[in-house]
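See below for the structure under consideration.
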Amino acid sequence: MNDAADGAAAGPAPDEVRAEVTAWLAEHWDPNLELLTWRDLLVESGWGCPTWPRDLFGRGLPDSAARVVAEEFERAGAPGTAGGTAMGLAAPTLLAMASDDLNRRLLPDMITGRQTWCQLFSEPGNGSDLAGLTTKAERDGDEWIINGQKVWTTGAHKADYAMLLARSDWDVPKHRGITFFAISMDQPGIEVRGLKQMNYHASFNEVFLTDARVPHENVVGEVNAGWAAAMTTLAHERGLGRRASRNREVSGRAATQAAEEAREYNKTYIWYPQRAGRADLVRPRAEAAGLAGDPLGRQVVADIETLDKVSRWTVARARAARAMGKSPGPEGSIAKLAGSEIARRCNAAHTMMAGADAMLTGPDSPENGIIAEIIVSTPGASIAGGTDEIQHDIIGERALGLPKEPSVDKSIPFREVRTNAVRNRTD
């Protein structure tokens, strides 16, 4: 495993990086290239992931250089690497925990977008108690056989690979018997079923694994030590924060294909602004409802806008820390909690202003049905990515140093732990 990028501690000055990437772009960037052809060049040169180690498709530059490189790519109109779960969650986890061999096999197709990823963590009976998962992994020579069920998996119906957590040892405490796998989704033992949501979208899936197979060489980290890898993934997930989308014009084949790729990917998340509560609509809705001069109405708007602004600062602080090379910290959990609170307050505000009409959908309803979608979507904000209760525990224990929550199942073999009112079984 690579613990640090070559030369990351004392890399070149920003001006040197800027000059080097500018010269490279001038020589290699052609707007008429196919997107995959261009991204193959990014893999080969390391400029797609400049802070990654040199022997793993990067240039070994310090984290502070990433912004400089991104600025020059944008100035040239050149697209960068693929995005999504692959580059946002899977790649950082593999870089931190996986073998060099596994990284060399899997990272290039993440960078180019040839392979997309999903996350097989949550289960029907074990959501917030992620370490209580019961999907089984049994060793069979050079392979592992997987049996179990996962749920709330975004993009599973399109994914080529998945980050999988499975129980590989039932005779140790629950956190110590989990293994993290990189598993191919394209095999007969995996069935994906879509889930229809009450807001009429269908972003999530349930996934059934029946004698699915994964090579032993696809274990991420060590066998039975998958919890650390899972925490790495979740730290990056909570630290993603809210990103403003850019709607700049693009030209050329590669940039156009990249824009279409992003649009297609974002279709899955089209309802996420409503899940966040649409704080941007609160003030104009209050003004339209004649509440701008009402003391109560003004206070509601002020509270939401204040909390929203502070939350954005927290996200910006987290990104600044990442740019300095620091690992994701408690800022992610703080931002996650703030987002849940903003969503709840926005829900209440929109309901107050729209009244019973908030339940209406269609072209004649408030904001063409957006308000109704907000009302039924915001409860998900306090669940997805770890519930509010879990975030409170993380902040209290890891940031504030408070005593851990008492537990009766962290020191006994998982086989003896009762979950869902029945004793776990391995047969």
Open item on the list: Exactly one of these conditions fails for Met231: (1) surrounded by 18 or more Cβ atoms within 10 Å (Cβ to Cβ); (2) part of a helix (DSSP H, G or I). Give me its number.
Closed with: (1)
Task: The lone exception for Leu402 - which of (1) modelled with pLDDT under 90; (2) of a type in the set (A, V, I, L, M); (3) part of a loop (DSSP other than H, G, I, E, B) it fails - done: (1)
Task: Close pairs (8 angstrom Cβ cut-off, 6 or more residues apart or separate chains): in the same structural domain as Thr37 (by TED's automatic domain parsing) and closer than 11 Å to Gly83 by Cβ in region 251-265, β-branched (Val, Ile, Thr) and not in a helix (DSSP H, G or I) anywhere - done: Ala258/Val250
Open item on the list: I need every pair where a residue in region 169-196 that is free of Cβ contacts under 8 Å to residues at least 40 places away in the same chain has its Cβ under 7 Å from the Cβ of a residue that is aromatic (Phe, Trp, Tyr), sequence separation at least 6 or different chains.
Closed with: Ser184/Tyr161; Glu191/Phe208
Task: Set Thr179, Thr134, Thr154: member being among the polar types (S, T, N, Q) and more than 20 Å from the chain's Cα centre (by Cα) - done: Thr134
Task: Any chance Arg415 is assigned to a helix (DSSP H, G or I), modelled with pLDDT under 95 and out of contact with any Ser or Thr (no Cβ under 6 Å at 6 or more places or on another chain) - done: yes
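Please tell me if Glu373 is surrounded by fewer than 19 Cβ atoms within 10 Å (Cβ to Cβ), part of a helix (DSSP H, G or I) and modelled with pLDDT of 85 or more. Let's see the steps before the verdict.
Numbers: surrounded by fewer than 19 Cβ atoms within 10 Å (Cβ to Cβ): no; part of a helix (DSSP H, G or I): yes; modelled with pLDDT of 85 or more: yes.
When the stated conditions are applied, Glu373 does not pass them.
Among what's in region 386-414 and is touching a residue at least 24 places away in the same chain (Cβ under 8 Å) and of a type in the set (Lys, Arg), pick the residue that is nearest to Ala335 (Cα to Cα).
As a first pass, look at region 386-414 and keep what is touching a residue at least 24 places away in the same chain (Cβ under 8 Å): 386-392, 394-395, 398-399, 409-414.
Now drop any that are not of a type in the set (Lys, Arg), which leaves 398, 410.
Details: Arg398: 15, Lys410: 28 Å.
Out of the qualifying residues, it is Arg398.
Scan Ile334, Ile342 and give me the residue that is on the phi < 0 side of the Ramachandran plot, surrounded by 14 or more Cβ atoms within 10 Å (Cβ to Cβ) and more than 18 Å from the chain's Cα centre (by Cα). Explain how you work it out, then say what you get.
On the way: Ile334 fails: more than 18 Å from the chain's Cα centre (by Cα).
Among Ile334, Ile342, only Ile342 is on the phi < 0 side of the Ramachandran plot, surrounded by 14 or more Cβ atoms within 10 Å (Cβ to Cβ) and more than 18 Å from the chain's Cα centre (by Cα).
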Task: Condition met for Trp144 (surrounded by 20 or more Cβ atoms within 10 Å (Cβ to Cβ), among the aromatic types (Phe, Trp, Tyr) and over 22 Å from the mean Cα position of the chain (by Cα)) - done: yes
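The values are calculated or read from the model by the stated rules, or taken from the named source; none is laboratory data. Just so it is clear, the model here is predicted, and its values are computed rather than measured. Using ideal geometry, Cβ is built from the backbone for each residue, glycine included, and neighbour counts are taken over all protein chains shown.
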